[in-house]
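A.B. asks: Shown below is the structure under consideration.
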Amino acid sequence: MNENLFAPFVTPTILGITTLPIIMLFPCLILSSPKRWLPSRIQTLQIWLIRLITKQMMTMHNKQGRSWSLMLMSLILFIASTNLLGLLPYSFTPTTQLSMNIGMAIPLWMGTVVMGFRNKPKSSLAHFLPQGTPTALIPMLIIIETISLFIQPLALAVRLTANITAGHLLIHLIGSATLALSSINMTVSTITITILFLLTILELAVGMIQAYVFTLLVSLYLHDKS
């Protein structure tokens, strides 16, 4: 049972070679750049969404922060597309792997930290010790703020992994229950199919929302450091 339950989260391989890089590059084929004078309806929708999200995220940033707009938009499109493609039958969701999410979170977090210490060294160091702190609490607060700083990329990765994995597990469990009940009780099976359909719609929304939350938190870290 455990093997069947967690089988969708095993990285697929061909002849012992992982196919994860190919799966990660697949969204690039879907989100292609316009090559015509007049873009198609899908490309027009893509451009409109990108402009809308860019405007919402970059409004609070200064000139240095807005230089990250291309990276942040690429990040949200990549995470959203991989989350949605992972809901297709016989597919694989790379964002269910904690190692991959940490690999995305740490470089982005490190870039914001380096930018903060380079552009605003005094302000960045001031976050470790709030103004007006009693002398006796200074060592403890410095340790707490340091731990909270280093735990930010882990929180980003765990949040994304947990939400996507929990949704996939729930869909797998309800789908297995529906298949088992189809030969026992059609009334209960119909109810579980309805629940499965609604849960799939919810998982579509969760996939897009988690991509937005991941990118928004990186944008907030950037705003504090730029």
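A.B. asks: Out of S81, S91, report the one residue that is polar (S, T, N, Q), open to solvent by less than 50 Å² (accessible area, probe 1.4 Å) and outside any helix (DSSP H, G or I).
C.D. replies: S91
A.B. asks: Could you tell me how many of the residues in the stretch 174-205 are of a type outside the set (S, T, Y), in contact (Cβ under 8 Å) with a residue 40 or more places away in the chain and surrounded by fewer than 17 Cβ atoms within 10 Å (Cβ to Cβ)?
C.D. replies: The total comes to 1.
A.B. asks: Does I42 fit the bill of being in a helix (DSSP H, G or I), open to solvent by 40 Å² or more (accessible area, probe 1.4 Å) and modelled with pLDDT of 70 or more?
C.D. replies: yes
A.B. asks: Among the residues of the stretch 145-158, are any out of contact with any helix residue (DSSP H, G or I) (no Cβ under 7 Å at 6 or more places or on another chain), part of a helix (DSSP H, G or I) and either at pLDDT below 85 or of a type in the set (F, W, Y) (or both)?
C.D. replies: Yes, the stretch 145-158 contains at least one residue that is out of contact with any helix residue (DSSP H, G or I) (no Cβ under 7 Å at 6 or more places or on another chain), part of a helix (DSSP H, G or I) and either at pLDDT below 85 or of a type in the set (F, W, Y) (or both).
A.B. asks: Going through the stretch 62-78 one residue at a time, which ones are open to solvent by 30 Å² or more (accessible area, probe 1.4 Å), more than 16 Å from the chain's Cα centre (by Cα) and touching a residue at least 40 places away in the same chain (Cβ under 8 Å)?
C.D. replies: Listed by number, the residues that qualify are N62, Q64, W68.
The values are calculated or read from the model by the stated rules, or taken from the named source; none is laboratory data. Predicted model only: the values in this text are computed from it and were never measured. Glycine also receives a Cβ, built like all others from the backbone with ideal geometry; neighbour counts cover every protein chain displayed. Please note that ligands, DNA and RNA were not included when accessible areas were found on the heavy atoms of the full protein model with its side chains. Shrake-Rupley method; radii C 1.70, N 1.55, O 1.52, S 1.80 Å.
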